[in-house]
1. Filter the stretch 274-302 down to residues that are open to solvent by 50 Å² or more (accessible area, probe 1.4 Å) and at positive phi, then give me how many there are.
2. Return the pair list, or none, for Cβ contacts closer than 8 Å from residues in the stretch 247-272 that are closer than 16 Å to GLU323 by Cβ and part of a strand (DSSP E or B) to residues that are open to solvent by 10 Å² or more (accessible area, probe 1.4 Å) and within 16 Å of the ligand (Cβ to nearest atom), at least 6 apart or on different chains.
3. Filter the stretch 317-329 down to the residues that are within 32 Å of the chain's Cα centre (by Cα) and of a type outside the set (Ser, Thr, Tyr), then identify the one that is farthest from LEU267 (Cα to Cα).
4. For residues that are touching a residue at least 24 places away in the same chain (Cβ under 8 Å) and of a type in the set (A, V, I, L, M, F, W, C), scanning just the stretch 464-479, find the one that is most open to solvent (accessible area, probe 1.4 Å).
5. Take the stretch 180-206 and flag every residue that is part of a helix (DSSP H, G or I) and open to solvent by 20 Å² or more (accessible area, probe 1.4 Å).
6. Return the pairs, sorted by first residue and then second, in which the second residue is open to solvent by 40 Å² or more (accessible area, probe 1.4 Å) and near the ligand (Cβ under 7 Å from one of its atoms), the first residue lies in the stretch 346-358 and is within 18 Å of ASP393 (Cα to Cα), the beta carbons are less than 6 Å apart, and the residues are 6+ apart or on different chains.
Amino acid sequence: MPHRLPMLSLGNAFGEGDLRDFDRRVRNNLPGEEIEYVVELKIDGLAISLWYENGLFVRGTTRGDGEFGEDITTNLRTVKAIPLRIAREIPFLEVRGEAYMSKEAFVKLNQVREETGEQLFANPRNAAAGSLRQLDPKVTASRNLSVYMYGLGYMEGLSVTGHAQGLALLKELGLRVNQQHKVCKDIDEVIEYCQRWQGQRFELPYAIDGLVIKVNSLDQQQRLGATIKSPRWAIAFKFPAEQAITTIKDIIIRVGRTGVLTPTAILEPVQLAGTTVSKATLHNQDIITQKDIRIGDKALVQKAGDIIPEVVQVFPEQREGNEVTFSMPEICPECASPVVREEGQVAHRCTNEYCPAISREGIIHFVSRNAMDIVGLGESIVTQLIRAELVKDPSDLYHLKYEDLIRLERMGARSSQNLLDAIESSKGNSLAQLLFGLGIRHVGERAAKILAQQFGSMQRLMDAEQEDLTIIPEIGPKIAESVVDYFSRQENRS
Ligand SMILES: [Zn+2]
């Protein structure tokens, strides 16, 4: 799909010096004029363009190569932050912005993918792009994407003189605009604002990779024009990637809720992007093999999308000869059952359906905050309860007695009673929380909410057939199959 006006990409500034050079070029081109800049956060997502005709959303595309974008209208319609109708019936309006995934949604999505053995997304930007290029709009809808709109493209029936005014107009029309933008009267103010966000960005619920600086006046923008590649009136200030070098002390295996074995690097603790990092996920054997990661190696680590620590590369030339290669164990470290790798999957999995790790992780998930929210039931207590054979699955929690708990390590009279109270009060939780807590494959928080809303009771959901599920918008065949399969087992039903 061709864009009516090209969507140019911006030139980059990597520090204060580059910003001052940019300012100098702008002022040389506009001698003697006052210049105001607008500085905005640069959201790490996918650039999109939305068309509104007579106030109605009619088309949405990616930026593509700037001349032609990919038509993703159907998928964008599922994004709640995009209004299908704007506040005014303007004949034609094109708005530009960024579709993105929050840090929280990104972490959750990767957790699920890790558990199901799917390829992980490297950062929220890739996750957002992957979600918008889906063939099935239901999948896009389930991904919790959002947007921030930041610019006017081609328009008819509107006139605007400044960029900041344009942002205010977008907001007035009902489009989502990031409020962390600032009008600056000179480059010093711009630099100060950029430096402030370089330190504060980790507090944001979404990833940013820099800031965008634009000349405010549209008249000045027009006179400055563009080079072949990028406009002369705007520049992107890019944050330096936060990376650090440390040593991989060990590689350990954690068996997850679905039996997937995940290797994790234990690092010599190192400061990275605002926190001390002592572990990095290695995802799976393929990644370890590809990057030739060995125990004892010096490694370059960074946070993917500023969130999850990962190993970028190791330095083979610095090896001393006592580094140890790693390979996935052939038996489960928790139960000694055989480990298999299913055809077409990257994950290794424990074959024992009753692996203690699976039931332990299942119970830990069941009691977690977004599920049944049972306070006081941490990992060590769960492990003790399983070892003492007091609990095999979540339903056993509801049969625990005071005498059972008081005998556990580090459990006093008060904490035992508190835990019993917490278990009791969890009976008042919503159906959605319970459904999510059961840990049915592919049923995340959102799917659990939709299923609870549609069926209203556990009994009705248990009796549902695959077709009753797939007709619900946002419930895809994968979820439907998994739910039916779960409730086809007698032990789950009881
Ligand atoms: Zn096992």
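1. First, pick out the residues of the stretch 274-302 that are open to solvent by 50 Å² or more (accessible area, probe 1.4 Å): 274-276, 278-279, 286, 289-292, 294, 298.
Then drop every residue that is not at positive phi, which leaves 274, 292.
The qualifying residues number 2.
2. Cβ pairs passing all conditions: PRO263/ILE252; PRO263/ILE253; PRO263/MET328; ILE266/ILE252.
3. Ranking the qualifying residues of the stretch 317-329, first place goes to PRO329.
4. Here the answer is ILE479.
5. If the condition is that a residue be part of a helix (DSSP H, G or I) and open to solvent by 20 Å² or more (accessible area, probe 1.4 Å), then ASP188, GLU189, GLU192, GLN195, ARG196, GLN198, GLY199, GLN200, PHE202, GLU203 are the ones that fit.
6. Filtered contacts from the stretch 346-358: CYS355/GLU334; PRO356/GLU334; ALA357/GLU334.
Every residue, every condition in (1) at pLDDT 95 or above; (2) in the same structural domain as ALA447 (by TED's automatic domain parsing); (3) open to solvent by less than 30 Å² (accessible area, probe 1.4 Å), yes or no:
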{"position": "ARG85", "(1), (2), (3)": "yes, no, no"}
{"position": "ILE90", "(1), (2), (3)": "no, no, yes"}
{"position": "VAL95", "(1), (2), (3)": "yes, no, yes"}
{"position": "ALA105", "(1), (2), (3)": "no, no, yes"}
{"position": "ASN110", "(1), (2), (3)": "no, no, yes"}
{"position": "GLY117", "(1), (2), (3)": "no, no, yes"}
{"position": "ALA122", "(1), (2), (3)": "no, no, no"}
{"position": "ALA129", "(1), (2), (3)": "no, no, yes"}
{"position": "LEU132", "(1), (2), (3)": "no, no, yes"}
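Residues checked against (1) more than 21 Å from VAL79 (Cβ to Cβ); (2) in a helix (DSSP H, G or I):
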{"position": "ASP468", "(1), (2)": "yes, yes"}
{"position": "ILE472", "(1), (2)": "no, no"}
{"position": "LYS478", "(1), (2)": "no, yes"}
{"position": "SER482", "(1), (2)": "yes, yes"}
{"position": "GLU491", "(1), (2)": "yes, yes"}
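The values are calculated or read from the model by the stated rules, or taken from the named source; none is laboratory data. As the structure is a prediction and not an experimental result, all values here were calculated from the model. FYI the Cβ positions are ideal-geometry reconstructions off the backbone, even for glycines, and counts take in every protein chain you see. Ligands, DNA and RNA are excluded from the accessible area calculation, which covers all protein heavy atoms including side chains. Shrake-Rupley method; radii C 1.70, N 1.55, O 1.52, S 1.80 Å.
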